[in-house]
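Below you'll find the structure, written out as structure tokens, and then a few comments.
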Amino acid sequence: GKGEYDHFMLKEITEQPTALAQAIEGRIDPTSGRIGLSAFEPGSFEAIDSVQFVACGTSYHAALYGSLALNQAGVQATALLANEYSVAAPPVDETTLVIAVTQSGETADTLNALRQATAEGARTLTVTNVVGSTAAREADDALFIRAGPEIGVAATKTFSSQAVILTLLGHRIATDLRGEPSADLESLLPALESMPSRIHELLEHSDAEAIAEQYRDSRSYFFIGRGLGYPVALEGALKFKEITYEHAEGFAAGELKHGPLALVTPETPVFAIFTGQEDEKTLKNAEEARTRGAPVIAVCPDGHPAVEAADEHLSIPETDSDLAGLFANVQLQLLSYYAADLLDRPIDKPRNLAKSVTVE
Ligand code: M6R
């Protein structure tokens with residue numbers, strides 16, 4: 001049940017420290033400092049040349065996060081919408097690893113893409129929350145995110161757990177291809193281990209409810225981010241529209257000036273996500289919005305230059321840039337939740353949507 005919470009969504013947001021601790025449990029080898037995904041022997045990804053992720057909705061945003069992290073580690077990877085895969089899939093062969101990211105393991109679009117990849121001779125893997133799901137049974141391998149059941153239609157804790165597992169998996173793939181772990185693993189692993197307690201802290205001290213109240217009369221909400229902040233901007237907007245029914249869009253920060261800036265007015269708050277990847281450029285993009293009168297809410301660590309430059313601030317801890325976006329995402333989950341609550345929306349069951357979409 002929901003226990004002390006009014007909604008499953010808030011309960012599941014609050015469960016993230018536990019979900020993340022379960023996701024990483026036993027998957028980092030403390031002696032070697034390596035990523036030990038026990039299903040995969042060291043070297044099991046040696047024969048892989050490229051990775052294709054297939055997924056929908058929030059899982060697609062986690063997949064995009066994973067593909068960008070792999071690109072940064074020097075591995076060829078792309079994230080594809082599973083529902084577009086049948087029309088225009090890039091070619092695959094036995095050196096292609098196709099990773100189906102699906103919380104439920106039952107999404108028809110994602111299963112179709114997985115089946116197509118299998119038929120065309122790719123190696124397949126699913127990252128899922130549900131043991132015994134169709135995706136877990138049909139893919140060559142399954143990696144479980146162990147987030148525990150998610151009841152709210154809005155995916156929250158499963159996004160965080162997917163992104164963390166894909167970050168670990170990405171480093172494992174890169175290590176196998178390179179023959180040695182990358183240097184940045186040294187800062188990533190301790191950052192990962194402290195993540196559950198730092199998310200707990202963030203949840204205790206978030207200003208998201210006050211910000212939701214302050215901007216409740218807005219006409220539209222925009223979310224911008226760069227690098228790993230980009231999938232988080234997309235996810236922030238999806239969550240916002242899904243449960244508040246208000247218009248929201250996510251953009252790559254640098255794209256704003258290529259069109260969307262025409263929509264920016266004093267009635268459109270812009271949430272700018274800073275992940276430590278070319279933040280000075282994102283700050284410039286946020287300032288372009290502010291010049292048009294839009295209120296800017298910086299999602300960044302305390303003391304970051306964006307705090308001074310923006311109207312409001314949602315605080316995230318200083319951490320590895322591989323993970324900063326995931327803290328920002330938790331702030332944005334809370335923002336959506338409180339904005340929807342103020343509007344009295346049926347948060348756990350938004351109109352027209354189902355938890356698991358089993359039709360094409
Ligand atoms: O079960 P899946 O992860 O495959 O579901 C994919 C999407 O339908 C799902 O993430 C959807 O976008 C969520 N309701 C978003 O909160």
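Readers should treat all values here as calculations from the given coordinates under stated rules, not as data from a laboratory. Every value quoted in this text rests on a predicted model; they were computed, and no experiment measured them. Here the Cβ is made from the backbone with ideal geometry for all residues, glycine too, and neighbour counts use every protein chain on show.
What's the center-to-center distance, using Cα atoms, between the range 32-56 and the range 284-334 in Å?
Here the two parts' Cα centres lie 33 Å apart.
Among K257/K355; K257/K349; K11/K349; K11/K281, which pairs are too far apart, with a Cα-Cα distance over 26 Å?
Details: K257/K355 35 Å; K257/K349 35 Å; K11/K349 14 Å; K11/K281 36 Å.
K257/K355; K257/K349; K11/K281, as the Cα separations exceed 26 Å there.
If the elastic network links every pair of Cα atoms under 10 Å, which of I199, I243, I211 fluctuates the most in the Gaussian network model of the chain?
With Cα springs under 10 Å in the chain, the top fluctuation among I199, I243, I211 is at I211.
Given the C-alpha centroids of the range 98-151 and the range 218-262, what is the distance between them in whole angstrom?
If you average the Cα positions of each part, the centres end up 28 Å apart.
Quick check for me: using +1 on Lys/Arg Cβ and -1 on Asp/Glu Cβ, what's the dipole size of the chain about its Cα centre, in debye to the nearest 20?
Working: 26 positive and 52 negative charges, 131 e Å.
It comes to approximately 640 debye.
Relative to the first principal axis of the alpha-carbon coordinates of the chain, what is the inclination of helix 324-342, with its axis defined by its Cα atoms, in degrees from 0 to 90 and to the nearest 10?
Approximately 50 degrees, to the nearest ten.
Helix 229-244 versus the longest principal axis of the chain: what angle, 0 to 90°, nearest 10, using Cα atoms?
Its long axis makes an angle of about 70 degrees.
Quick one: putting +1 on the C-beta of Lys and Arg, -1 on the C-beta of Asp and Glu, what dipole do you get for the range 24-129 around its Cα centre, in Debye to the nearest 20? Working shown, then result.
Details: 4 positive and 11 negative charges, 38 e Å.
Computed about the Cα centre, the dipole is about 180 debye.
Give me I48, I347 sorted ascending by neighbouring Cβ count inside 10 Å, so fewest comes first. Walk me through the intermediate numbers first.
Values: I48 19, I347 22.
With the sparsest Cβ surroundings first, the list reads I48, I347.
Find the Rg to Rh ratio for the range 1-135, where Rh is the Kirkwood radius over alpha-carbon pairs and Rg uses the same atoms. Intermediate results must be reported in sequence, preceding the final value.
Numbers: Rg = 16.5 Å, Rh = 16.4 Å.
With Rg and the Kirkwood Rh in hand, the quotient comes to 1.01.
How many nm is it between the label spots at D344 and V359, if each spot is 7 Å from the Cα in line with the beta carbon?
A separation of 3.0 nm, rounded to one decimal place.
Based solely on its DSSP helices, what 222 nm [θ] is calculated for the chain when runs of n ≥ 4 H residues each add -39,500 (n - 2.57) and the sum is averaged over all residues, nearest 500 deg cm²/dmol?
-13500 deg cm²/dmol
What is the spread of the Cα atoms of the chain along each of their three principal axes, largest first, in whole Å?
Largest to smallest, the principal-axis extents are 52, 43, 43 Å.
Between the helical axis of 195-205 and the dominant principal axis of the chain, each derived from Cα atoms, what acute angle in degrees is found, rounded to the nearest 10?
20 degrees
Extension gain E287-V307, at 0.36 nm per residue separation less the Cα-Cα distance, in nm? Can you show the working numbers first?
On the way: separation 20, 0.36 × 20 = 7.20 nm, distance 1.20 nm.
Between E287 and V307, full extension yields 6.0 nm more.
Can you sort D320, D217, D279 by how many other beta carbons sit within 10 Å, fewest first?
Numbers: D320 18, D217 6, D279 24.
In increasing order of surrounding Cβ atoms, one gets D217, D320, D279.
Where does the Debye-calculated log10 I(q)/I(0) of the range 276-328 sit at q = 0.15, 0.18, 0.31 Å⁻¹, using only Cα point scatterers of equal weight, no solvent?
Debye intensities relative to I(0), on a log10 scale: -0.38, -0.55, -1.30.
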